[in-house]
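J.: To start, I am sharing the structure in question, which I have written as structure tokens.
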Amino acid sequence: MNKKIKKWINGHASLHHSTVVILCAAVLLLTACAPPPRTGQLSSEETSATTDTAVVTELTEHGTIVEDTHPDERYPEGGLVASDGTGAEVIDDLPTESDSEDVTAFDQSTDKTGEMGIESPQSAVLENGAPLQEEYAESLVGAAVAESEAQVFGIFFPVLEPPPFEAGAKASVLAVGDVLFHSHMINGGEQEDGSYNYDFMFEHIQGINEKVDVAICDMEGTLAGEPYTGYPLFSAPDAVAAALKAGGFNMATAMNNHTIDRWAEGVVRTNQVLRDNGLDVIGTRRDEEENTWCIKDINGIQIGFAAWSYETGRQEDLRALNGITIPDDALPLVNSFSQEEPYFSEDLEAMVAQSEAMRAAGAEVLVYFIHSGIEYSFAPDDIQRQLAETLATAGVDVMFNCGPHVILPIETVPRPAGQDPMICFYSLGNCVSDQLFDTDNNQGRAEDGLIGTVEFERQMDGSVRLSDAGYYFTYCFKQHEGSGRTKNRPIPVREALANPSQYGIEGYEHLFEDSLTRSSDMMSENAVEYDFFGEKMTAEDVASVGETPTDE
């Protein structure tokens, strides 16, 4: 310590007690205002002990020193300003501008301990190996401490590491109902050269699909190659998969009651064709080395996806789909569940075990796509409700359901304490099919569909919660071209009614108006607890989007 500083301290040793209290409070305030420290600054416990002693010594020996943590500001060009409450004195003989190059070199040195690279005044040296002045070395030690931890009278206030996640990150998912290719639809995509093209099919919902991170469809039937057939054993051209991808879908469930319409070979080929066209596949697998589920990293949020389908009645303890006994080589490739006891309870346990496996693999959110329910029904059946309750208890976040070929209400289902309810879409209806207005006397309901949407958001505490959910109404519009050919398209109902010419429905508005009435009536039965839930395209929204409703 130089002589002038000692002289100044000795001349002001008799500070009044109240002044000392005020000065200490000021030091406390200045310390609290120091910039947040960075981790990894101190190399050892010895460093902390040394610098802690230095801080206490400085507080007891000096009056209030106007300073900041950075050495260039602590020792400005004009000297140190000190005050005892009665006046201020500039202390000379401190580091000058001539030292600045050495100081800069020191601060930029790569041979450091932590950020500042100083453990004690004695260890402080310049880049060229020359020792620093003692006072300046002390200041650098103080700066290093201030940047690593906030201290008040030797008490350390650690600064937490930045969280390993991005609060506010979002992940969005949508799902549509059955993509079911009847014979007239297959013919509707045939080209003059004998090839097939269905890129027209999903053009009107492509904009909605591309708004979300994951868009899922139910590929009901197979892509098993020729001969191409419709009901009752479905096999559509590979061009369907290309059309799904072009229409904004990037995931498909291949698990439904028509999955084995072309045996095990059809299961494998359907899965492969979908993958070849850029779609993830859930519910089936190509071999036993793969999973029937997948986990997607969406903006840092890990979402697990799985799919299951109901079986038709067992005969002699053999599983069956669509009345076809599942071949032995297909059994390990599909996720199916019986609706008969005691098999149903056993299969529910398998679903729960699968959810646990996905959680163990890192899934933070679970989405299940189920194929179940009574065709053309008006309400969920007991099997669907038991499925929903079991999955909710297992911690599943979302259940999308297809199978009835008509839309059904949406409900929330309680989950274990502390968890938000699971949202359950009991039936999304048909996305596109050739089922008619009077199929099974359903009065047009098989032509109505839903696009179900959910969004999840990362919270400040790191958890992930449902932040949005809702639906769009669609109508399957059929253009008959004669000779057993139709071009069928799912079209958003409200958007089409707002812009009939854009969607090519002029003269057919009444079909969409009737569909809107039917679907709205069914949605009036919803029982969802979330305030943010609702229709995603209202009449007001349509009026505000002008001529391009799905391009926003």
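The values are calculated or read from the model by the stated rules, or taken from the named source; none is laboratory data. Keep in mind that this is a model prediction, so the values were computed, not measured. As a convention, Cβ positions derive from the backbone with ideal geometry for all residues, glycine included, and neighbour counts pool all protein chains shown.
J.: Of the residues ASP276, ASP238, ASP261, only one is in contact with a Leu (Cβ under 7 Å, 6 or more places away or on another chain), surrounded by fewer than 22 Cβ atoms within 10 Å (Cβ to Cβ) and farther than 20 Å from ASP213 by Cβ; which? Please lay out each step first, then the result.
T.: Values: ASP276 fails: in contact with a Leu (Cβ under 7 Å, 6 or more places away or on another chain); ASP261 fails: surrounded by fewer than 22 Cβ atoms within 10 Å (Cβ to Cβ).
Within the list ASP276, ASP238, ASP261, the selection yields ASP238.
J.: Tally the residues that are touching a strand residue (DSSP E or B) at 6+ places or on another chain (Cβ under 6 Å) and crowded, with 22+ Cβ neighbours inside 10 Å, restricting the search to region 245-256.
T.: Counting residues in region 245-256 that are touching a strand residue (DSSP E or B) at 6+ places or on another chain (Cβ under 6 Å) and crowded, with 22+ Cβ neighbours inside 10 Å gives 7.
J.: State all residues of region 468-500 that are touching a residue at least 40 places away in the same chain (Cβ under 8 Å), hydrophobic (A, V, I, L, M, F, W, C) and assigned to a strand (DSSP E or B); if no residue qualifies, say none.
T.: Hits for region 468-500 are ALA469, PHE473, CYS476, ILE491.
J.: Go through (1) at pLDDT below 95; (2) of a type in the set (A, V, I, L, M, F, W, C); (3) crowded, with 16+ Cβ neighbours inside 10 Å one by one and return the number of the condition ALA543 breaks.
T.: It fails just one condition, (3).
J.: How do the pairs read when you match residues in region 505-525 that are part of a loop (DSSP other than H, G, I, E, B) with residues anywhere that are surrounded by fewer than 18 Cβ atoms within 10 Å (Cβ to Cβ), using Cβ under 7 Å and keeping only pairs 6 or more apart or on different chains?
T.: If the second residue must be surrounded by fewer than 18 Cβ atoms within 10 Å (Cβ to Cβ), the pairs left are GLU506/PRO500.
J.: What's the number of the condition HIS510 fails, among (1) surrounded by 19 or more Cβ atoms within 10 Å (Cβ to Cβ); (2) closer than 19 Å to HIS204 by Cα?
T.: Of everything listed in (1) surrounded by 19 or more Cβ atoms within 10 Å (Cβ to Cβ); (2) closer than 19 Å to HIS204 by Cα, HIS510 misses just condition (1).
J.: I need the full set of residues from region 317-328 which are of a type outside the set (S, T, N, Q) and either out of contact with any strand residue (DSSP E or B) (no Cβ under 9 Å at 6 or more places or on another chain) or crowded, with 16+ Cβ neighbours inside 10 Å (or both), in order please.
T.: Once the filter is applied, which keeps residues that are of a type outside the set (S, T, N, Q) and either out of contact with any strand residue (DSSP E or B) (no Cβ under 9 Å at 6 or more places or on another chain) or crowded, with 16+ Cβ neighbours inside 10 Å (or both), region 317-328 yields ASP317, ARG319, ALA320, LEU321, ILE324, ILE326, PRO327, ASP328.
J.: Go through region 426-439 and give me each residue that's closer than 25 Å to ALA388 by Cβ, in contact with an Asp or Glu (Cβ under 9 Å, 6 or more places away or on another chain) and outside any loop (DSSP other than H, G, I, E, B).
T.: Passing the criteria: TYR426, LEU428, GLY429, ASN430, CYS431.
J.: If you don't mind, another one. Looking at region 188-209, I want the residues that are assigned to a loop (DSSP other than H, G, I, E, B) and have a partner that is at pLDDT below 95 with Cβ atoms under 8 Å, at least 6 apart or on another chain. Which pairs are those?
T.: Once the first residue is assigned to a loop (DSSP other than H, G, I, E, B) and sits in region 188-209, its partners that are at pLDDT below 95 give HIS204/THR550; ILE205/THR550.
J.: Please work out if GLY373 is part of a loop (DSSP other than H, G, I, E, B) and of a type outside the set (D, E, K, R).
T.: Details: part of a loop (DSSP other than H, G, I, E, B): yes; of a type outside the set (D, E, K, R): yes.
Yes, satisfied.
J.: Name the residues in region 316-347 that are acidic (Asp, Glu) and under 14 Å from GLU288 (Cβ atoms), would you? Show your work before the answer.
T.: First pass over region 316-347, keeping only residues acidic (Asp, Glu): 316-317, 328-329, 340-341, 346-347.
Once the filter is applied, which keeps residues that are acidic (Asp, Glu) and under 14 Å from GLU288 (Cβ atoms), region 316-347 yields ASP328, ASP329.
J.: Looking at THR390, is it farther than 30 Å from GLN315 by Cβ, polar (S, T, N, Q) and crowded, with 16+ Cβ neighbours inside 10 Å?
T.: No.
Results for (1) over 26 Å from GLU349 (Cα atoms); (2) of a type outside the set (Gly, Ala, Ser); (3) outside the structural domain of ASN209 (by TED's automatic domain parsing), shown as yes or no for each residue.
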site: ALA388; (1), (2), (3): no, no, no
site: LEU391; (1), (2), (3): no, yes, no
site: HIS405; (1), (2), (3): yes, yes, no
site: TYR426; (1), (2), (3): no, yes, no
site: CYS431; (1), (2), (3): yes, yes, no
site: GLN435; (1), (2), (3): yes, yes, no
site: ASP448; (1), (2), (3): yes, yes, no
site: ARG458; (1), (2), (3): yes, yes, no
site: VAL464; (1), (2), (3): no, yes, no
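J.: Scan GLU364, GLU447 and give me the residue that is over 25 Å from the mean Cα position of the chain (by Cα) and at pLDDT 95 or above.
T.: Unique residue meeting the criteria: GLU447.
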